[in-house]
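Encoded as structure tokens, the structure appears first; notes follow it.
The values are calculated or read from the model by the stated rules, or taken from the named source; none is laboratory data. It should be emphasised that the depicted structure is a prediction, and the values quoted were computed from it without experimental measurement. Every residue, glycine among them, receives a Cβ derived from its backbone with ideal geometry; neighbour counts consider all protein chains shown. Ligands, DNA and RNA are stripped out before the accessible areas are found, and what is left, the full protein with its side chains, is counted by its heavy atoms. Shrake-Rupley method; radii C 1.70, N 1.55, O 1.52, S 1.80 Å.
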Amino acid sequence: SFLQVLNAERQTETEKMKRAMAAVLLVLLSLLVHSNAEEEGFDVRHHLSTVSRYGVVKGIADSSFVPSKIPNGCTPIHLNLVARHGTRSPTKKRIKELDNLATHLEVLLREAEEQNLALEKLPGWLKGWKSPWKGKLKGGELIIQGEDELYDLGIRTRARFPNLFNDDYHPDVYAIKATQVPRASASAVAFGMGLFSGKGSLGPGRHRAFAVTSESRASDTKLRFHDCCQNYKAFKKSQEPAVDKLKEPVYDEITSALRRRYRLNFTRQDTTSLWFLCKQEASLLNIVDQACALFSPSEVSLLEWMDDLEAFILKGYGKSINYRMGVPLLEDVVQSMEQAIKAEEEKHAPGSYEKARLRFAHAETVIPFSCLLGLFLDGSEFEKIQREQALPHPPKPPQKRNWRGHTVAPFGGNNMLVLYSCPANTSNKHFVQVLHNEHPIPMPGCDGTDFCPLDVFKERIVAPHLKHDYNSVCDVKLEQQEQKPVASKLSQLFRWMFSLGNGEKSSFDEL
């Protein structure tokens with residue numbers, strides 16, 4: 001009958017609707033499960049840019065890159081190391097920022113209570129929170145975990161290159177250099193203790209004394225070129241406001257999200273301070289469920305990208321002066337290789353020539369040096385920097401990018417350049433292998449290999465940079481100096497002499 005047909009059609013439509021609803025629910029459920037799984041698998045300690053602990057991120061490398069097989073008979077004859085200091089405490093300036101955050105959080109909570117706002121979503125730790133560094137009058141020192149990072153790196157370096165470290169210690173055989181900043185020299189000491197452990201007679205660990213040398217802060221153009229280069233300092237000062245402007249929209253977006261989420265009237269400054277606190281808690285204290293938990297994984301990814309972007313613009317490929325000023329360090333590396341080859345050719349006796357030059361400095365040293373080598377670029381980008389053309393900024397998440405602060409220069413981050421001598425029957429006698437954070441890394445200037453003939457390395461990677469010397473890159477223009485009266489020049493000379501004697505301090509909040 002007509003009614004039966006109608007009922008049958010209704011039942012069919014109902015079944016279709018049920019199936020459609022079930023499909024929609026299934027999609028929503030899978031999205032929810034995927035989102036939860038993503039959050040559960042998200043480790044904020046992998047997203048702290050240059051504030052990352054070495055032990056947490058040193059294993060991160062390009063899994064698609066296949067390292068070169070070192071030919072039989074090739075042996076390392078010299079090692080160059082350029083390392084950043086280990087994990088350190090916040091600087092005095094940053095400690096004050098966290099104290100200011102604590103004061104403002106108190107105000108926000110009091111205002112919320114006066115307005116009878118429902119604060120059930122507010123994390124309990126925020127109420128009465130005080131900075132873990134409250135009351136500290138000094139900051140920026142290497143912490144225990146930072147000592148461990150460099151000590152362990154020293155042990156691994158000796159184990160990896162036993163024939164390089166089999167000689168008795170002499171400062172001319174194993175030259176250890178650091179900047180005059182205490183966290184850098186302390187890192188050099190921790191590394192040396194690991195490197196020479198068991199090779200001396202001091203204490204139960206059979207340690208031995210070794211020398212760490214430093215240049216004056218005012219004239220250290222090899223490891224503190226960023227602090228001696230007047231043109232760079234002027235560039236950095238002029239660019240910092242522009243970088244802040246770039247970051248503002250993201251900070252404003254995240255600040256609005258925090259206000260909605262926690263019903264507190266957070267400011268942009270609160271957001272920047274809370275992100276800084278997150279990085280310090282996660283990196284130094286392994287606390288990931290307080291400040292870091294205020295942000296969603298996607299917000300953390302954006303905040304990390306902004307830190308990476310700042311490092312790119314002010315220390316990396318953003319402007320050629322950032323790395324061109326590191327030419328004295330690159331020259332020093334090449335010179336040490338040439339001296340090692342000369343010692344080999346002239347058959348110098350073991351213990352009479354340098355086998356390793358080990359340097360300990362800052363992110364402001366390691367990042368430009370990595371750029372001089374052309375690391376973290378593809379071939380076309382490398383050609384651009386050789387022509388001194390600007391590179392595009394690292395793309396915003398969720399797009400992938402090669403430039404990641406936690407890889408480029410985490411605490412303890414390092415580049416090792418290992419000089420190999422190969423048998424006479426090979427096409428080239430000497431090769432350079434580059435290790436970044438102890439992993440072989442491709443060099444676009446050497447056709448994407450990590451094991452490069454020394455002549456090719458010098459011709460394609462080093463030579464294009466050497467057309468710029470440090471003075472031409474860094475000195476204020478000569479005509480500007482000529483315009484200054486003689487009295488001004490004399491007073492400048494006295495100031496310079498005074499700064500040499502006193503080890504002038506940098507105004508930057510160094511990494």
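I'm trying to understand the selection: among the residues of the range 45-99, which are open to solvent by less than 10 Å² (accessible area, probe 1.4 Å), assigned to a helix (DSSP H, G or I) and either aliphatic (A, V, I, L, M) or modelled with pLDDT under 95 (or both)?
Once the filter is applied, which keeps residues that are open to solvent by less than 10 Å² (accessible area, probe 1.4 Å), assigned to a helix (DSSP H, G or I) and either aliphatic (A, V, I, L, M) or modelled with pLDDT under 95 (or both), the range 45-99 yields V57, I95, L98.
Filtering the range 169-203 to residues that are assigned to a loop (DSSP other than H, G, I, E, B), farther than 16 Å from I143 by Cα and out of contact with any Ser or Thr (no Cβ under 7 Å at 6 or more places or on another chain) leaves Y169, H170, P171, D172, V173, F196, S197, G198, K199, G200, S201, G203.
Here T426 meets the list (1) modelled with pLDDT of 95 or more; (2) part of a loop (DSSP other than H, G, I, E, B) almost entirely, failing just condition (1). Does A282 qualify as being surrounded by 22 or more Cβ atoms within 10 Å (Cβ to Cβ) and closer than 22 Å to W133 by Cα? So A282 fits the description; yes. Going by what's in this entry, would I176 be described as at pLDDT 95 or above, within 21 Å of the chain's Cα centre (by Cα), hydrophobic (A, V, I, L, M, F, W, C) and under 26 Å from A361 (Cβ atoms)? So I176 fails the test.
Against the criterion of being farther than 29 Å from A178 by Cβ, without any contact (Cβ under 8 Å) to a residue 40 or more places away in the chain and surrounded by 14 or more Cβ atoms within 10 Å (Cβ to Cβ), E106 qualifies.
Residues checked against (1) touching a residue at least 12 places away in the same chain (Cβ under 8 Å); (2) out of contact with any His (no Cβ under 9 Å at 6 or more places or on another chain):
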{"site": "V300", "(1), (2)": "yes, no"}
{"site": "L303", "(1), (2)": "yes, no"}
{"site": "I313", "(1), (2)": "yes, no"}
{"site": "S320", "(1), (2)": "yes, no"}
{"site": "D332", "(1), (2)": "yes, yes"}
{"site": "E346", "(1), (2)": "no, yes"}
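For first residues located in the range 230-257 and closer than 30 Å to K121 by Cβ, partners that are open to solvent by 50 Å² or more (accessible area, probe 1.4 Å) and not hydroxyl-bearing (S, T, Y) and lie 6+ apart or on another chain with Cβ distances below 7 Å form the pairs Y251/R268; D252/R268; T255/R268.
Screening the range 320-351 for residues that are in a loop (DSSP other than H, G, I, E, B) and either open to solvent by less than 20 Å² (accessible area, probe 1.4 Å) or among the basic types (K, R) (or both) and picking the one that is farthest from L454 (Cα to Cα) gives M325. With respect to (1) open to solvent by less than 10 Å² (accessible area, probe 1.4 Å); (2) farther than 14 Å from A361 by Cβ, the lone exception for H226 is condition (2).
Among residues belonging to the range 161-219 that are without any contact (Cβ under 8 Å) to a residue 12 or more places away in the chain and within 22 Å of T75 (Cα to Cα), point out the one that is surrounded by the most Cβ atoms within 10 Å (Cβ to Cβ). Ranking the qualifying residues of the range 161-219, first place goes to N166. Could you tell me whether K121 is more than 23 Å from the chain's Cα centre (by Cα) and surrounded by fewer than 18 Cβ atoms within 10 Å (Cβ to Cβ)? So K121 fits the description; yes.
Give me the residue from the range 412-423 that is assigned to a loop (DSSP other than H, G, I, E, B) and open to solvent by less than 10 Å² (accessible area, probe 1.4 Å) and, out of that set, modelled with the lowest pLDDT. Result: C422. Annotation: E215 fulfils all but one of (1) touching a His at 6+ places or on another chain (Cβ under 6 Å); (2) closer than 17 Å to R84 by Cα; (3) outside any helix (DSSP H, G or I); the unmet one is (1).
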